[in-house]
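Heads up: the structure comes next, in structure tokens.
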Amino acid sequence: MNIEAFENRVLPTKNKLFRFAFRLLGSQEEAKDVVQEVMLKVWNGREQMATIDNMEAWCMRITKNMSLDRLRSKQRRVTDSMEEGFEIRQESLSPLERTEIQESMQRINELMKALPEKQRQVMHLRDIEGYSYNEICEILELDMSQVKVNLFRARGAVREKLVKMNAYGL
Amino acid sequence: MDSREIEQLVEKYWNCETLLEEEKQLRDFFRGNMPENLKETAELFRYFEQQQNVAIGQSSFDAEVKKKIAASVPKAKSVSLFNMARIAAGVVVLVAAGYFVREEVRKAYPDEPKDTFSDPRMALEETKKALMMISNSFNKAHKEASKIEMFNEAEQQIQGKRIDEKKTNI
């Protein structure tokens, strides 16, 4: 792989990698570091990676592993987690509607954060990034049934909490 | 798509039976519509959509990665100290074994005789002397050995007599 192929095939995945790392780590700074490390790793191992056909899934897999390594390492910097602003793009909304939407986004974000790690990974990859089940298997190194079970549980948990929230008028 | 179809699709979604394409349809639908009875689902899909747009948010990121790539030299295959020690130990054993084997061989096969004379004529004289000595000894021994013939003659005479005796007896 030369620099041109790298720029065309690997660099453009940066935002997906970033979102996934961010979902796992909860810190933008750390997620950014991880994405950089992934890029370097891919570049340094480019000879061995000539045979990989799904470069994006491969990069996602490295991102997952590096993020989990970081989570499990003891020297982890303690950072303020999920410092996230929810930008609402629709111009037509009134300020009140805007804050309402922002709040609901924040709540759903908290729901996702509360999910067990595997469920959160699967739901992120499927519902936000739109990967096929096969790709998710490849990225997470899980078999099909595990992916489906985790997704089912994740959606179930999110639904239950959403319904509860709305029932209490939160 | 009418609301009935959407409701069915939403139900399918919660049961994890939707295809990627159908999930995309739902996302498209909820972008513009927010039916009261599907409020929580709509919020969730809006959240997904919003999350898809999260980006690394640093314009210098690509440049930074490229700089690091240019600077990074692929790591040379590092041989650990332990492995080097193992190889060294192997060499030492071989050398020691070779030395002892050589010693043994030397003991078993003493050095070949070397020339003791530098002058060929003197060497010839010495050789002649040695040969003469051997020849004298041979001659002496031969003289003594010839005496044995007497025994042989005597034996033959005795045997001849016996044969004669036998003949007369018959």
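The values are calculated or read from the model by the stated rules, or taken from the named source; none is laboratory data. No experiment lies behind these values; they were computed from the predicted model shown. Cβ sites come from the backbone with ideal geometry, for glycine too, and all protein chains shown count toward neighbours. Heavy atoms of the whole protein, side chains included, go into the accessibility calculation; ligands, DNA and RNA do not. Shrake-Rupley method; radii C 1.70, N 1.55, O 1.52, S 1.80 Å.
Give me the percent of accessible area attributable to carbon and sulfur for segment A:3-72, probe 1.4 angstrom.
Of all accessible area on segment A:3-72, carbon and sulfur atoms account for 44 percent.
Express the relative contact order of chain B as a whole percentage, based on alpha carbon pairs under 8 Å and six or more residues apart in sequence.
That works out to 9 percent.
Accessible area of chain B with a 1.4 Å probe: how many percent of it is carbon plus sulfur?
The C+S portion of the solvent-accessible surface of chain B is 59 percent.
What order, most packed first, do the peptides A:42-48, B:161-167, A:30-36, B:33-39 have when packing is the mean number of other Cβ atoms within 10 Å of each residue?
In descending order of packing, they fall as A:30-36, A:42-48, B:33-39, B:161-167.
Averaged across A:104-110, how many Cβ atoms of other chains sit within 10 Å of each residue's Cβ atom?
Average neighbour count from other chains, rounded to a whole number: 4.
Other chains near B:56-68: what is the mean number of their Cβ atoms within 10 Å of each residue's Cβ?
5
If you take the accessible area of B alone plus A alone and subtract the pair, what total do you get in square angstrom, rounded to 100, with a 1.4 Å probe?
In total, this chain pair buries about 3900 Å².
Among A:LYS161/B:LYS12; A:LYS113/B:LYS12; A:LYS118/A:LYS148, which pairs are too far apart, with a Cα-Cα distance over 20 Å?
As for pairs spanning more than 20 Å Cα to Cα, those are A:LYS113/B:LYS12.
Roughly how many Å is it from the Cα centre of segment A:43-72 to that of segment A:108-144, as a whole number?
17 Å
Any chance you could give the angle, 0 to 90 degrees and rounded to 10, that helix B:81-108 forms with the longest Cα principal axis of chain B?
Between the helix axis and the principal axis of chain B, the angle is about 10 degrees.
Rg to Rh for segment B:122-169: what is it, with Cα atoms only and Rh by Kirkwood?
My calculation puts Rg/Rh at 1.52.
List the DSSP H helices in chain A whose Cα atoms stretch 30 Å or more along the helix axis and whose mean Kyte-Doolittle hydropathy is at least -0.5.
Qualifying helices, which must be both long enough and hydrophobic enough, are A:144-167.
Taking all protein chains as present, what is the carbon and sulfur share of the accessible area of segment A:94-140, in % to the nearest whole number, probe 1.4 Å?
51 percent
Using a 10 Å cut-off on Cβ to Cβ distances, tally the other chain neighbours for every residue of A:35-48 and report the average as a whole number.
Other-chain Cβ atoms within 10 Å of each residue's Cβ, averaged: 3.
For the protein assembly as shown, with every protein chain kept in place, what is the accessible area per residue (1.4 Å probe, Å²)?
Per residue, the protein assembly as shown has an accessible area of 67 Å².
Please provide three numbers in whole Å: the alpha-carbon extents of segment B:1-128 along the principal axes, with the largest listed first.
Principal-axis extents of segment B:1-128 (Cα, largest first): 132, 38, 24 Å.
Specify the inter-centroid distance of segment A:1-33 and segment B:86-156, based on alpha-carbon positions, in whole Å.
86 Å
For B:LYS66, give me every one of the lysines with a C-alpha distance below 25 angstrom, ignoring sequence neighbours fewer than eight places off in its own chain.
Filter leaves A:LYS14, A:LYS16, A:LYS32, A:LYS41, A:LYS64, B:LYS75, B:LYS77.
Sorting check: for B:1-10, A:51-60, B:140-149, which peptide has the highest mean count of neighbouring beta carbons within 10 Å, and how do the rest follow?
A:51-60, B:1-10, B:140-149
Using only Cα atoms, tell me the angle between helix B:61-71 and the longest principal axis of chain B; keep it within 0 to 90° and round to the nearest 10.
Helix B:61-71 sits at roughly 10 degrees to that axis.
Can you give the angle from 0 to 90° between the axis of helix B:148-169 and the longest principal axis of chain B, with both taken from C-alpha atoms, to the nearest 10?
80 degrees
In a Debye calculation with equal point scatterers on the alpha-carbon sites of segment A:95-167 and no solvent, what is log10 I(q)/I(0) at q = 0.25 Å⁻¹?
Listed by q, the Debye log ratios stand at -1.08.
Got the relative contact order for chain A handy, in percent, Cα pairs under 8 Å and 6 or more residues apart?
This gives 23 percent for chain A.
As a test of the definition: which semi-axes, in Å, follow for chain A when you take the square root of five times each eigenvalue of its alpha carbon gyration tensor? Largest first, please.
So the equivalent ellipsoid measures 31, 19, 16 Å along its semi-axes.
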